[in-house]
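Just below is one structure, and these are the notes that go with it.
The values are calculated or read from the model by the stated rules, or taken from the named source; none is laboratory data. Note that this is a predicted model, so its numbers are computed, not measured. Methodologically, a virtual Cβ is constructed for each residue, glycine included, from the backbone with ideal geometry; neighbour enumeration extends over all protein chains shown. Heads up: the accessible areas ignore ligands, DNA and RNA and are worked out on the full protein's heavy atoms, side chains in. Shrake-Rupley method; radii C 1.70, N 1.55, O 1.52, S 1.80 Å.
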Amino acid sequence: MSKLGTLGARLHRGEIGYDFVGKRKIWYGISILITITAILGLTVRGLNMGIEFQGGAVLTTPKGMTVSVNQAESYAQDASGHDAIVQKLGDGSLRIQIAGIDTDKSDQIKETLAKDLKIDSEKINADLVGPSWGDQIANKAWEGLAIFMVLVVIYLAIAFEWRMAVAALVALIHDITITVGIYALVGFEVTPGTVIGLLTILGYSLYDTVVVFDSLKEQTKDITKQTRYTYSDVADRSINGTLVRSINTTVVALLPVAGLLFIGGGVLGAGMLNDISLSLFVGLAAGAYSSIFIATPLVADLKEREPQMRALRKRVLAKRAQAAATGESLEPRVSDESYDDEPQDAAPAVVGPRNQPASRNRGRGRPSGKRR
């Protein structure tokens, strides 16, 4: 078995682990800092909306043009008085986008460009895009996003519970905010492909979160009937048990997207790939992060405020204090931080091997249905 496979097996069995929930305030702080940066970028720089949303003209020249992209941009800006985006296509033709112009202005720009490029104006293909079409796309995207969020909350509330639904919703909003903010900071053009990419990452982010929630739901059945584990302990075990799986799926998904973004869009100059590949790349990474560091710790936060979970925590801590006083060895872990200023009577969880349970019949680190 590979080292990664061995690590995953040991994490799943609970032999080693990392205290994700205990350090939740660190993850919350990092997420808040990143989110604030994204919002500032969105507020200060704004989004570079594509011609599909602003309206304007798309001019396509014949094949085999020898004019450079920079020279063509200069010609287009001089002819229109507006900023222009020029892309050189694989067949040597130029795709010139100029936002905010009407039909009459488009004809004048076409004639002027033909003279500058020394070609027949009839060989330049001009397509006009109205801003109303972009508004329709944006409105449909917002409607689809709202419907998706509502359905997600309803489904998770039924399949799991409302606390998990709230945590998943917060994670999704976190992912969208970061992705949109990165778009504003980088200055990439927002096109319909960007909208498709944003809607795509929502499903992936939700999938990663539900995998952890499913494990957590299974391991917390009858948790109040034992005094070995708090809810946060089991939440940590759920994250650690699915950690390698989350890493593997994220890396496998990011590799082809990185190829589109850095090789296709950067090295080969296929700028049209950037609009969708950047949203996918940032969104997939943010989704994996939020499912581990945001969603599950937030569920633990909400659950630990339930009266029965607070009572369970007190019993667990009392049991551990008693065991520490008598020198008895206990296996379970507890988060570094307490809730409602409850005393900490056990050492925080650390990465490394744990003591094995006294009896193999009690299972490998799973909450027992019997009191000790």
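Which ones in the stretch 254-273 are assigned to a helix (DSSP H, G or I) and modelled with pLDDT under 70?
From the stretch 254-273, those assigned to a helix (DSSP H, G or I) are 254-267, 271-273; that's our starting set.
Passing the criteria: 264, 265, 266, 267, 271, 272, 273.
With the requirement that a residue be under 20 Å from residue 54 (Cβ atoms), open to solvent by 10 Å² or more (accessible area, probe 1.4 Å) and part of a helix (DSSP H, G or I), what does the stretch 186-216 give you?
Passing the criteria: 186, 192, 193, 195, 196, 198.
Taking the condition of being open to solvent by 10 Å² or more (accessible area, probe 1.4 Å) and assigned to a helix (DSSP H, G or I), how many residues in the stretch 217-248 meet it?
13
Against the definition (more than 27 Å from residue 83 (Cα to Cα), surrounded by 15 or more Cβ atoms within 10 Å (Cβ to Cβ) and of a type in the set (Gly, Ala, Ser)), how does residue 157 come out, yes or no? Spell out how you get there, then give the answer.
Values: more than 27 Å from residue 83 (Cα to Cα): yes; surrounded by 15 or more Cβ atoms within 10 Å (Cβ to Cβ): yes; of a type in the set (Gly, Ala, Ser): yes.
For residue 157, the condition - more than 27 Å from residue 83 (Cα to Cα), surrounded by 15 or more Cβ atoms within 10 Å (Cβ to Cβ) and of a type in the set (Gly, Ala, Ser) - is met.
Show the residue pairs that are 6+ apart or on different chains and have beta-carbon atoms under 7 Å apart, the first residue being within the stretch 137-158 and free of Cβ contacts under 8 Å to residues at least 12 places away in the same chain, the second being in a helix (DSSP H, G or I).
157/165
Looking only at strands (runs of 3 or more DSSP E) that fall completely inside the stretch 19-130, which ones have 3 or more residues that are over 30 Å from residue 289 (Cα atoms) and in contact (Cβ under 8 Å) with a residue 60 or more places away in the chain?
Details: elements: 56-60, 84-88, 94-99, 125-129.
Counting at least 3 such residues, we get 56-60, 84-88, 125-129.
Which residue is farthest from residue 302 (Cα to Cα), if the candidates are limited to the stretch 12-29 and must be modelled with pLDDT of 90 or more and open to solvent by 70 Å² or more (accessible area, probe 1.4 Å)?
26
Looking only at the stretch 56-113, which residues are open to solvent by 60 Å² or more (accessible area, probe 1.4 Å) and of a type in the set (Lys, Arg)?
63, 88, 105, listed by residue number.
I'd like to check something: does the stretch 122-129 contain any residue that is closer than 24 Å to residue 30 by Cα and open to solvent by less than 70 Å² (accessible area, probe 1.4 Å)?
Checking the stretch 122-129: not a single residue is closer than 24 Å to residue 30 by Cα and open to solvent by less than 70 Å² (accessible area, probe 1.4 Å).
Return the residues of the stretch 162-175 that are open to solvent by 30 Å² or more (accessible area, probe 1.4 Å) and touching a residue at least 12 places away in the same chain (Cβ under 8 Å); say none if nothing qualifies.
Residues satisfying the conditions are 163, 166, 169, 170.
Suppose we filter 195, 190 for residues that are hydrophobic (A, V, I, L, M, F, W, C), within 30 Å of residue 261 (Cα to Cα) and more than 15 Å from the chain's Cα centre (by Cα); which single one remains?
Exactly one residue qualifies, and that residue is 190.
Check whether at least one residue in the stretch 136-151 is more than 22 Å from residue 194 (Cβ to Cβ) and either out of contact with any Asp or Glu (no Cβ under 7 Å at 6 or more places or on another chain) or not hydroxyl-bearing (Ser, Thr, Tyr) (or both), and report yes or no.
Looking for residues that are more than 22 Å from residue 194 (Cβ to Cβ) and either out of contact with any Asp or Glu (no Cβ under 7 Å at 6 or more places or on another chain) or not hydroxyl-bearing (Ser, Thr, Tyr) (or both), one finds at least one in the stretch 136-151, hence yes.
Looking only at the stretch 138-154, which residues are surrounded by 14 or more Cβ atoms within 10 Å (Cβ to Cβ) and β-branched (Val, Ile, Thr)?
Correct list: 152, 153.
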